[in-house]
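First comes the structure, then the notes that go with it.
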Amino acid sequence: MNKERAKLHGRVHVFGDDINTDYIIAGKYKFKTNDMRELARHAFEDIDPEFIARVQPGDIVVAGNNFGCGSSREQAPLVLLHAGISAVVATSFARIFFRNAINTGLPVLQCPVEGLQNGDQLSVDLATGEIMAGDGRKWQANPLPPVMLQILQNGGLVPHIKKHGGFGFEGGAAD
Amino acid sequence: MGRTIAEKILANHSGQPARAGDIVLADLDFIMGQDGTSPLAIDVFRQMGGVKVAEPSKAALVIDHNAPSPSEGVSALHDMMRGFSREMGVQIYDVGEGVCHQLVPEQGYVVPGDLVIGADSHTCTYGALNAFATGVGSTDLAAALYSGKMWFRVPPTMRVLCHGALAKGVTAKDLVLFLVGQIGADGATYMALEFAGEAISQLSVDARLTIANMAVEMGAKAGLMEADEKTLAWVAGRSARQPQPVQADADAEYEKVLEFDVSDLPPYVAVPHRVDTVVPVSAVEGKRIQQAVIGTCTNGRLEDLQQAARILAGKRIAEGVRLIVAPASRQILLDAIADGTIGQLVAAGAALVTPGCGPCVGTHNGIPADGETVISTANRNFKGRMGNNKAKIYLGSAATVAASALSGMITDPRRVADE
Ligand code: SF4
């Protein structure tokens, strides 16, 4: 992945375990419209009503286990992207959310990052998996497999497929 | 080293060795989208430059989540799906046909050995038919329609062996709630589950669908079972395609093997607001309820409606309780009309709603009021799931829900069983 695009820096919003897709964007909104900017105004509404007033472009979501569990709604990563979130770092992810995030171009890294508070600074390097807090504390995540980095680097699966006229890799070890 | 069901099906469809952890690009046998995910997928399909669906006969769209439409916004999205279906020659199941996860197996789209994706998290249901079936999002759906393929990370497998036989009055739903409680809501994340053992073999295919349906409630990518004579007979009545049953090797490599003797299990419920907070029904008996729901892709099949009717026939639900019944498909509704089940339920006070998701996802058809308690046969009880985050949702079998509707409070169905 392109070195510059792989490096992210932002303020964090901290969430706990099992943040499901209904908490990210309630089902009652998702069926109303395909307009993600409109939906993004309701991100995390049921569990953190101040989030949307607080969030700034480039911010990073930090969470515990099983982030994004629940439905397959792709609105969940899209809403985060449209709210300005640049990456999600969680102890673990629900797998559909993880796929959807990669496919829509939202970087996700799996790593237990603890002891942070809303507003703390965090740097994330997707290519190496290095994560560093503003106070110098460091964590090491597994870097993403090359296929996923490629899709993210292209900005998601849509631009990736457009560029390659297909998936652009033939399986196997994929590098 | 031997291989798991997941590894074999993904190998057969990718031409790769497909060992756990590998990433493969595989050919799909069937692709499904519902009305919550398809509209976005259609947008994405066009953005990808899609002008035709790779194999229209291997795909279907289902209008089930908001059927009939509760608002103009939803109607516009439904209309968009109908237009896409006409233009692309893809089958659409419109309002009233049923829940996607009932229709796909019932209409014969899945046979043992298949690789299926659906843009809905409970696509894992078809694992009961020995198919690797998994839920994806709208972009994956779009890419699959565009190319007929999808990339997969081959999952490791957790094998769950259920020995013994379920006691009388205890159902597949009770068994799977017990398993969710044991394994936890994220206990099988990224994994495939293989369910096996006598307790599974003894179940009907419909009951097995209930178990595979909730694999995703343990975080799993798929919930697989081997095909036996029951499976093959069930599929033969619905599909002309040749099944390619896939068995796990005796020396397959598992991430984990869990074994349970399930002979003494009681009926269970999941209590608010987590699906893996599971207790015997007896532990919460007496809790007042205001709404009871029988339906959904978990327990809206004929057996479930019959279970409920056996408890409710000739009686009347408690005052102050609303019982909503949503058969999982039009065919089930017809069968349940023909055998008298629907008459018994409606006479007992049930409100019958359109075959489909019913009130499961909280957009219409029975949104609870603040502070109300609901007992439902669905698979999820997150806060806000049914459209009101100030309501509480318990999950149980159709028998438990019917018994609770009868008494107005959570009730062990064995207390009111007919025999
Ligand atoms: S019945 Fe409920 S869980 Fe099943 S597909 Fe519909 S909304 Fe999803």
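The values are calculated or read from the model by the stated rules, or taken from the named source; none is laboratory data. Remember, predicted model here, so these are calculated numbers, not experimental data. Virtual Cβ from ideal backbone geometry, glycine too; neighbours counted across all protein chains shown. Accessible surface areas use protein heavy atoms only, side chains included; no ligands, DNA or RNA. Shrake-Rupley method; radii C 1.70, N 1.55, O 1.52, S 1.80 Å.
Structure notes:
- Of A:GLY64, A:GLY115, all but one fail to be of a type outside the set (Ser, Thr, Tyr) and within 13 Å of chain B (Cβ to nearest Cβ); the exception is A:GLY64.
- Every residue from the range B:320-344 that is closer than 24 Å to B:HIS273 by Cβ, within 16 Å of the ligand (Cβ to nearest atom) and surrounded by fewer than 23 Cβ atoms within 10 Å (Cβ to Cβ): B:ILE324
- Checked against (1) touching a residue at least 40 places away in the same chain (Cβ under 8 Å); (2) open to solvent by less than 10 Å² (accessible area, probe 1.4 Å); (3) under 24 Å from A:ALA6 (Cα atoms), A:LEU109 meets all criteria but (1).
- Taken as a whole, the condition of being away from the ligand (no atom under 16 Å from the Cβ), within 17 Å of B:VAL154 (Cα to Cα) and in contact (Cβ under 8 Å) with a residue 24 or more places away in the chain applies to B:LYS8.
- Answer residue from the range A:5-24, given it is open to solvent by less than 30 Å² (accessible area, probe 1.4 Å) and more than 11 Å from chain B (Cβ to nearest Cβ) and is modelled with the lowest pLDDT among those: A:ALA6
- Of all residues in the range B:103-120, those satisfying the criterion of being open to solvent by less than 10 Å² (accessible area, probe 1.4 Å) and within 15 Å of the ligand (Cβ to nearest atom) are B:LEU103, B:VAL104, B:PRO105, B:VAL116, B:ILE117, B:GLY118, B:ALA119.
- Failed item in (1) open to solvent by less than 20 Å² (accessible area, probe 1.4 Å); (2) out of contact with any Phe, Trp or Tyr (no Cβ under 6 Å at 6 or more places or on another chain); (3) closer than 17 Å to B:THR4 by Cβ; (4) touching a residue at least 60 places away in the same chain (Cβ under 8 Å), with B:ALA188 passing the rest: (4)
- Residue count for the range A:130-154, restricted to those that are closer than 19 Å to A:SER92 by Cβ, open to solvent by 60 Å² or more (accessible area, probe 1.4 Å) and either among the β-branched types (Val, Ile, Thr) or assigned to a loop (DSSP other than H, G, I, E, B) (or both): 2
- Any hit, the range B:64-82, residues being more than 16 Å from the ligand (Cβ to nearest atom), over 30 Å from A:VAL79 (Cβ atoms) and either in contact with a Lys or Arg (Cβ under 6 Å, 6 or more places away or on another chain) or more than 11 Å from every other protein chain (Cβ to nearest Cβ) (or both): no
- Residues of the range B:1-33 satisfying the condition of being more than 9 Å from chain A (Cβ to nearest Cβ) and in a strand (DSSP E or B): B:GLY2, B:ASP27, B:PHE30, B:ILE31, B:MET32, B:GLY33
- Matching option when the condition is closer than 20 Å to A:ASP48 by Cα and either more than 14 Å from chain B (Cβ to nearest Cβ) or free of Cβ contacts under 8 Å to residues at least 40 places away in the same chain (or both), among A:GLY168, A:GLY129, A:GLY84: A:GLY84
- Any chance B:ILE337 is more than 14 Å from chain A (Cβ to nearest Cβ), without any contact (Cβ under 8 Å) to a residue 12 or more places away in the chain, under 25 Å from B:ASP206 (Cα atoms) and assigned to a helix (DSSP H, G or I): yes
Let's see how each residue does on (1) more than 20 Å from the chain's Cα centre (by Cα); (2) more than 16 Å from the ligand (Cβ to nearest atom):
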site: B:HIS122; (1), (2): no, no
site: B:GLY127; (1), (2): no, no
site: B:ALA131; (1), (2): no, yes
site: B:GLY135; (1), (2): no, no
site: B:ALA142; (1), (2): yes, yes
site: B:MET150; (1), (2): yes, yes
site: B:PRO155; (1), (2): yes, yes
site: B:VAL170; (1), (2): no, yes
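- Exclusive hit being surrounded by 24 or more Cβ atoms within 10 Å (Cβ to Cβ) and either away from the ligand (no atom under 16 Å from the Cβ) or away from chain A (no Cβ under 14 Å) (or both), set B:ALA399, B:ALA351, B:ALA347: B:ALA399
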